[in-house]
Amino acid sequence: MYENFFKNKTVVITGGSHGIGRRICERFAAAGATIYSIDIAPPAEPLEGCVTFVGDIGEESALREFADLVLRERTQVSVIINNAPPIMRGLDSCTWDEFNYALRVGVAAPFMLVKLLSGHLAPGASIVNISSTRDSMSQPNTESYAAAKGGIHALTHALAVTLAGRARVNSISPGWINCSGAGYTGADLTQHPVKRIGTPDDIASLALYLCSDDAGFITGENIVVDGGMTKLMIYHSDNGWRYEG
């Protein structure tokens, strides 16, 4: 649908080596973009049109080196996608340093990357932050992740206001996304009104849309992509689920 739409445009992404981030890179590459990705680990397979910088975005020095690399080679940035996930630790085991590291990866790094590149945004630039439905719902002992995702949700509308007229800024809150390719059946599917679990393509498709001219009147928004999972009320024996507490 967006073939060649991003030709000669620069896309910067965090966490682009695996899962959702990798699929976003693949889809933007197919649409003609030149991609710069930073990840704590290299991808299993190289992707044509994608430059991967191996580094930890929880460290400011790595972010600065990455931004310097991008700006040495490209004069303008059209798309920034903050996708790298924070660690998930909880009240039972999370240390002070681990909690702060989660916030650095999940909130401070997206802020700093935008700050470092903000003077080089192309006309019509777009920023997409990957949040999570965990920004508004939780499992036990996931506080570090939930706090970081709630933070990036709020960061989105703040950046949208600050960058008004220079870039549109939106976020996506994925639900259950199957990044492993594992097979699921039964209640795992039926708890979703669409009767399936999400795929990385579901998130990549929305990212492409939000960064295209088709979404030119959308900014400051968070869009939930969860197959309706957060809208379905489940009681004992509903939708294949049984309470076994």
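Residue 154 meets each of the listed conditions (1) more than 30 Å from residue 97 (Cα to Cα); (2) surrounded by fewer than 17 Cβ atoms within 10 Å (Cβ to Cβ); (3) hydrophobic (A, V, I, L, M, F, W, C) apart from (1).
Of 70, 79, all but one fail to be buried (at least 18 other Cβ atoms within 10 Å of the Cβ), more than 26 Å from residue 199 (Cα to Cα) and touching a Phe, Trp or Tyr at 6+ places or on another chain (Cβ under 9 Å); the exception is 70. Filtered by the rule that a residue be free of Cβ contacts under 8 Å to residues at least 12 places away in the same chain and closer than 18 Å to residue 222 by Cα, region 103-157 gives 138, 154. Residues of region 53-67 that are touching a Phe, Trp or Tyr at 6+ places or on another chain (Cβ under 8 Å) and in a strand (DSSP E or B): 53 alone. Looking only at residues in region 1-36 that are among the small types (Gly, Ala, Ser) and within 13 Å of the chain's Cα centre (by Cα), the one that is surrounded by the most Cβ atoms within 10 Å (Cβ to Cβ) is 16. For residue 92, the stated conditions hold: it is out of contact with any helix residue (DSSP H, G or I) (no Cβ under 9 Å at 6 or more places or on another chain) and not in a helix (DSSP H, G or I). Within region 171-198, being of a type in the set (Val, Ile, Thr), buried (at least 16 other Cβ atoms within 10 Å of the Cβ) and outside any strand (DSSP E or B) holds for 190, 197. Considering only residues of region 213-236 that are among the acidic types (Asp, Glu) and part of a loop (DSSP other than H, G, I, E, B), which is modelled with the lowest pLDDT? The residue in question is 226. Screening 39, 56 for residues that are buried (at least 19 other Cβ atoms within 10 Å of the Cβ) and under 19 Å from the mean Cα position of the chain (by Cα) leaves exactly one candidate, 39. Here 160, 122 are screened, and the one residue that is outside any helix (DSSP H, G or I), more than 21 Å from residue 18 (Cβ to Cβ), touching a Ser or Thr at 6+ places or on another chain (Cβ under 7 Å) and modelled with pLDDT of 95 or more is 122. Checking the structure you have, find out if any residue of region 35-54 is in contact (Cβ under 8 Å) with a residue 60 or more places away in the chain and closer than 24 Å to residue 105 by Cα. No; the residues of region 35-54 include none that is in contact (Cβ under 8 Å) with a residue 60 or more places away in the chain and closer than 24 Å to residue 105 by Cα.
The values are calculated or read from the model by the stated rules, or taken from the named source; none is laboratory data. What you see is a predicted model; the values in this text were computed from it and never measured. Positions of Cβ are backbone-derived with ideal geometry, glycine not excepted, and every protein chain shown enters the neighbour counts.
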